[in-house]
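Student: Have a look at this one before I ask anything.
The values are calculated or read from the model by the stated rules, or taken from the named source; none is laboratory data. This structure is a prediction, so every number in the text was calculated from the model and none was measured. Because the Cβ atoms are built from the backbone with ideal geometry, glycine has one as well, and the counts that use them run over all protein chains shown.
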Amino acid sequence: MPERIVFMDCSLSSMICAHKLLDSQEDLEIHLVTEAFEVGMYGESPGLITTSSWPMLRPHWISDSGFDHPTNARHTAIKSSWLRKAVAISLSGRGAKFHTGTRRTSISTNDSSIQLSYPGSRSRVLIEFDHIVHSEKESGTPWNGAIVTRPPDWPCSMGLRPDGSFEIWWQGNDSPNSPLQVMEWIGIDPDLELSRQSSLSESKLANLDLASKIT
């Protein structure tokens, strides 16, 4: 029987970790659990990049469905929600199972199992696992975010997306004029968030008992 690994969230770091596991052992059974009804597309987090940090993912980890790749050095931001969606689509295509819309979970360490339930339904799913990766704890301070057509004249973290819009993040009472989208995020540094997710995937991998098998 293949080893079964359950991730208790669908964060970018968890999905990167899952891809790394499957690159090393294709017969692993991967499960990812989330309260959200969809992975990616909604819920923006910082997508700021540098020319040295991109590409941060292996090409086969990203589906071509709807994701705008940076095409030159001027592009210093990507849409993070679409990146998560593209990574999830690729991961699903490799056989990973996504359990979305879960509301309550109970984990039994005695028999290594997790029970999932869904809102508006009495159906329950029991998954036995060999390894479990718990969800990340949210930490940091609140940040304001926005998508704008012109960068503001006050200090902020900023990147240019491939579609020509600017992604900005700031703290304080400033407000951009006529934003295309407004966002909120809790974290430490929007400039480093994507790099942090990549590093966190390595930490999750190292904490698994089978990490020594990964090449």
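Student: Consider only pairs whose beta carbons are under 6 Å apart and that are at least six residues apart or on different chains; among these, list those whose first residue lies in the range 180-201 and is surrounded by 17 or more Cβ atoms within 10 Å (Cβ to Cβ) and whose second residue is of a type in the set (D, E, K, R).
Tutor: Met183/Glu44; Gly187/Glu193
Student: Based on this model, can you work out whether Lys137 counts as part of a helix (DSSP H, G or I) and charged (D, E, K, R)? Break it down stepwise before answering.
Tutor: Working: part of a helix (DSSP H, G or I): no; charged (D, E, K, R): yes.
Considered against the rule, which asks whether it is part of a helix (DSSP H, G or I) and charged (D, E, K, R), Lys137 comes out as no.
Student: Let me ask something else. Being buried (at least 17 other Cβ atoms within 10 Å of the Cβ) and of a type in the set (Gly, Ala, Ser) is the filter here; which residues of the range 155-170 pass it?
Tutor: Ser157, Gly159, Ser165 - these are the residues of the range 155-170 that are buried (at least 17 other Cβ atoms within 10 Å of the Cβ) and of a type in the set (Gly, Ala, Ser).
Student: Could I ask something else about it? Going residue by residue through the range 197-207, is there one that turns out to be over 25 Å from Leu12 (Cβ atoms) and in contact with a strand residue (DSSP E or B) (Cβ under 9 Å, 6 or more places away or on another chain)?
Tutor: First, pick out the residues of the range 197-207 that are over 25 Å from Leu12 (Cβ atoms): none.
Checked against the condition, which is being over 25 Å from Leu12 (Cβ atoms) and in contact with a strand residue (DSSP E or B) (Cβ under 9 Å, 6 or more places away or on another chain), the range 197-207 yields no hits at all.
Student: Within the range 86-113, can you find the residues that are of a type in the set (D, E, K, R) and at pLDDT below 95? Even if it seems obvious, please write down each step before you answer.
Tutor: Initially, the range 86-113 is screened for residues of a type in the set (D, E, K, R), giving 94, 97, 103-104, 111.
Correct list: Arg103, Arg104, Asp111.
Student: While we're here: For the range 23-45, what are the residues that are surrounded by fewer than 19 Cβ atoms within 10 Å (Cβ to Cβ) and over 13 Å from the mean Cα position of the chain (by Cα)?
Tutor: Of everything in the range 23-45, those that are surrounded by fewer than 19 Cβ atoms within 10 Å (Cβ to Cβ) and over 13 Å from the mean Cα position of the chain (by Cα) turn out to be Asp23, Ser24, Gln25, Glu26, Asp27, Glu29, Glu35, Phe37.
Student: Could you tell me which numbered condition Thr149 fails, if it satisfies all but one of (1) closer than 16 Å to Ala77 by Cα; (2) among the β-branched types (Val, Ile, Thr); (3) surrounded by 15 or more Cβ atoms within 10 Å (Cβ to Cβ); (4) over 20 Å from the mean Cα position of the chain (by Cα)?
Tutor: If we test Thr149 against (1) closer than 16 Å to Ala77 by Cα; (2) among the β-branched types (Val, Ile, Thr); (3) surrounded by 15 or more Cβ atoms within 10 Å (Cβ to Cβ); (4) over 20 Å from the mean Cα position of the chain (by Cα), just (3) comes out false.
Student: Here's a follow-up. Residues to consider are Asn173, Asn177; find the one that is surrounded by fewer than 19 Cβ atoms within 10 Å (Cβ to Cβ) and over 27 Å from Asp68 (Cβ atoms).
Tutor: Values: Asn177 fails: over 27 Å from Asp68 (Cβ atoms).
One residue alone meets the criteria, Asn173.
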